[in-house]
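The values are calculated or read from the model by the stated rules, or taken from the named source; none is laboratory data. Note that this is a predicted model, so its numbers are computed, not measured. Here Cβ is always computed from backbone atoms with ideal geometry, including for glycine, and neighbour counts include all displayed protein chains.
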Amino acid sequence: VDATGTERAFLPRIRDDEIYFTLQSLKKHRIEEDIFIYVRRTGYAWAFPLGDNLWHVGVGEKSMREAMRLLRLLRRKYGFEEKRSLCHCRSRVRLMPPSKCMPFLHGSVVGVGEAIGCISGFGEGNLPALQSAKILYECIMSNRLGEYERRILSEFKWIEEEHELVRWAQSNRKKGRLRMAPRVISIFTRRALVPTPKTFRDVIHQLRLGSMGRKW
């Protein structure tokens with residue numbers, strides 16, 4: 001089983017792979033719970049509440065320098081003061097949907113989790129990884145391993161949608177961004193914590209800025 005994430009150590013390499021640097025931290029903030037995302041053409045920063053004033057704050061960018069800058073922009077926009085982290089880590093994340101990470105099966109090797117693109121367009125990978133492992137277990141136990149790729153692609157259609165949104169947000173196209181507004185709402189309303197109207201407006205506003213060719 002290849003569960004090696006971005007390394008994809010046993011499955012064939014992915015053509016035109018998209019690997020981002022990530023900085024993630026756990027911090028205490030007395031801010032009303034919401035989902036905060038700050039999108040730019042080469043990456044995005046986020047802050048998700050975990051309860052009891054705990055926040056998961058992070059950034060995914062193609063360069064570490066830009067990652068630090070984007071975190072500062074997120075903090076300034078949404079009022080997250082610079083504080084000492086309870087814990088933090090640096091790593092890498094694959095931002096490719098499952099359809100771009102095939103094959104999932106190669107010889108005697110089968111992939112799960114981030115190795116086969118089971119990670120959301122906004123960098124959430126724990127739950128999709130567990131879901132992919134459950135699907136693999138079910139396929140093995142029912143002697144239907146040949147159905148594994150189809151079931152993964154079917155189960156994670158929503159990941160494809162999120163990645164499509166990210167690609168549009170990061171593109172240089174001046175047309176079509178406003179068509180993504182309904183997609184933003186559809187994606188966020190599937191989450192356990194539904195963002196406030198302000199968060200919706202902020203994300204759509206960023207898409208509009210991009211459609212007018214303005215710097216974000």
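Here are the numbers for this structure:
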| read-out | value |
| --- | --- |
| Condition met for Arg30 (surrounded by 15 or more Cβ atoms within 10 Å (Cβ to Cβ) and of a type in the set (Lys, Arg)) | no |
| Of residues in region 146-163 being among the hydrophobic types (A, V, I, L, M, F, W, C) and part of a helix (DSSP H, G or I), the one surrounded by the most Cβ atoms within 10 Å (Cβ to Cβ) | Ile152 |
| Residue match in region 99-107 (condition: of a type outside the set (S, T, N, Q), in contact (Cβ under 8 Å) with a residue 12 or more places away in the chain and over 14 Å from Asp2 (Cα atoms)) | yes |
| Test result for Lys83, under 16 Å from His163 (Cα atoms) and either surrounded by 13 or more Cβ atoms within 10 Å (Cβ to Cβ) or under 18 Å from the mean Cα position of the chain (by Cα) (or both) | no |
| Strands (runs of 3 or more DSSP E) wholly inside region 1-55 containing at least 3 residues that are modelled with pLDDT of 85 or more | 19-28, 43-51 |
